[in-house]
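Read through the structure below, which is laid out as C-alpha cells, and then see the notes.
The values are calculated or read from the model by the stated rules, or taken from the named source; none is laboratory data. Since the model is a prediction, treat every value here as computed from it, not as a measurement. With ideal geometry, Cβ positions are generated from the backbone for all residues, glycine too; neighbour counts draw on all protein chains shown.
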Amino acid sequence: MPTEQEVYQKYADQYERLIRREDYQNNLLSAMEDYCPLNELDVVELGAGTGRLTRLLAPRVRSIQAFDASAHMLVEAERSLHDMGLTNWQIGVADHRYIPAPDACADLVISGWSWSAAGRALGITIALASVTTALAFATLRSRLRRL
C-alpha cells in the first residue's frame, strides 16, 4: 500500500477517481452557496489537489487561484479545468506556509482536506482575505463536516 506522500507524488489519477465519489449526492456546492453566495468572488484555494473544489467553484466565481504542494496532483487539476473550457483560474505549486498570492487578493479562501494546520492556515487566510472570511470559512467547514 502506498504512503500518503507516494499517493500525492505518483497516483493522482487513482486519487481523483476516489474523491469524485465523496460528494455523490451533490451537497457540497449547494451548502457553500447557502452560506456564501459565490457569484463574482475572487477565491484562493489551499490544498487544491486534483481540483475537486476548483472544478465546482470555477464556473461560478470571478476567479480562482488554486495551490497545492504536489505538482503531480495539480497536473490533473489543470487538465480537467482545460477540458471544462474555463479561463478564470490559475494553478500554482505552494504549501500553506508560502502562498504566492498578494494580501487582500481574495473574497474567500477555501480548503478541503488540507486544513489540518489550522493555526498557520488561518493566519494566511486572514492575510489573503479578511478576518470575517476566515471565520466564515471555519464555520462553513464545521457545517460541511455534518453533511
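Checking the structure you have, find out if any residue of the stretch 42-51 is crowded, with 17+ Cβ neighbours inside 10 Å and more than 26 Å from residue 5 (Cβ to Cβ).
Among the residues of the stretch 42-51, at least one is crowded, with 17+ Cβ neighbours inside 10 Å and more than 26 Å from residue 5 (Cβ to Cβ), which makes the answer yes.
Keeping to the stretch 68-101, report how many residues are within 21 Å of residue 40 (Cβ to Cβ), in contact (Cβ under 8 Å) with a residue 12 or more places away in the chain and assigned to a loop (DSSP other than H, G, I, E, B).
Residues meeting the conditions: 3.
Pick out the one residue from 138, 134 that is modelled with pLDDT under 85 and in contact with a Leu (Cβ under 6 Å, 6 or more places away or on another chain).
134
Give me a count of the residues in the stretch 73-122 that are at pLDDT below 90 and either within 22 Å of residue 36 (Cβ to Cβ) or surrounded by fewer than 14 Cβ atoms within 10 Å (Cβ to Cβ) (or both).
26
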